[in-house]
1. Would the stretch 1-13 turn up any residue that is part of a helix (DSSP H, G or I) and exposed (fewer than 12 other Cβ atoms within 10 Å of the Cβ)?
2. Consider residue 40 carefully, then state whether it is over 26 Å from residue 92 (Cβ atoms) and either surrounded by 13 or more Cβ atoms within 10 Å (Cβ to Cβ) or at pLDDT 95 or above (or both).
3. Could you please tell me which pairs satisfy a Cβ distance under 6 Å, a separation of 6+ or placement on different chains, a first residue in the stretch 83-95 that is farther than 17 Å from residue 11 by Cβ, and a second residue that is assigned to a helix (DSSP H, G or I)?
4. Do you know which of the residues in the stretch 81-100 that are buried (at least 16 other Cβ atoms within 10 Å of the Cβ) and either modelled with pLDDT under 95 or over 18 Å from residue 66 (Cβ atoms) (or both) is farthest from the chain's Cα centre (by Cα)?
5. Quick one: how many residues across the stretch 101-115 are out of contact with any helix residue (DSSP H, G or I) (no Cβ under 8 Å at 6 or more places or on another chain) and surrounded by fewer than 11 Cβ atoms within 10 Å (Cβ to Cβ)?
6. Given the criterion free of Cβ contacts under 8 Å to residues at least 40 places away in the same chain, closer than 21 Å to residue 20 by Cα and out of contact with any helix residue (DSSP H, G or I) (no Cβ under 6 Å at 6 or more places or on another chain), identify the matching residue among 118, 71.
């Protein structure tokens, strides 16, 4: 009996699906809130005012993280699909991807969260 024990490939697959669904949910919400303009400026402005709350700023950082991870992982998948020999290095490619993710995410998160951290 073969038992799959997980590893980098499994986590990459799961995170790719979760971030993809998260981005899809955001896009649906974005279409919905933008369509509220049809009800008039008052309704639209009321919804947009909610987005200025600090919890939404943190959510925007999560959205950026999801898009960034999904994009970088997609590039890794494309590389492996186009050059099958890279399959041997899929763990190393994932680690490189995560280093790139971290190096991009830290300054972006700092810039996006700075208004919440300032007194």
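The values are calculated or read from the model by the stated rules, or taken from the named source; none is laboratory data. Not measured: the values here are computed from a predicted model. All Cβ positions, glycine included, derive from the backbone under ideal geometry; neighbour counts span all protein chains shown.
1. Yes, the stretch 1-13 has at least one match.
2. no
3. Qualifying pairs under 6 Å: 86/79; 86/80.
4. 90
5. Residues that pass the stated criteria total 6.
6. Selected residue: 71, the only one of 118, 71 that is free of Cβ contacts under 8 Å to residues at least 40 places away in the same chain, closer than 21 Å to residue 20 by Cα and out of contact with any helix residue (DSSP H, G or I) (no Cβ under 6 Å at 6 or more places or on another chain).
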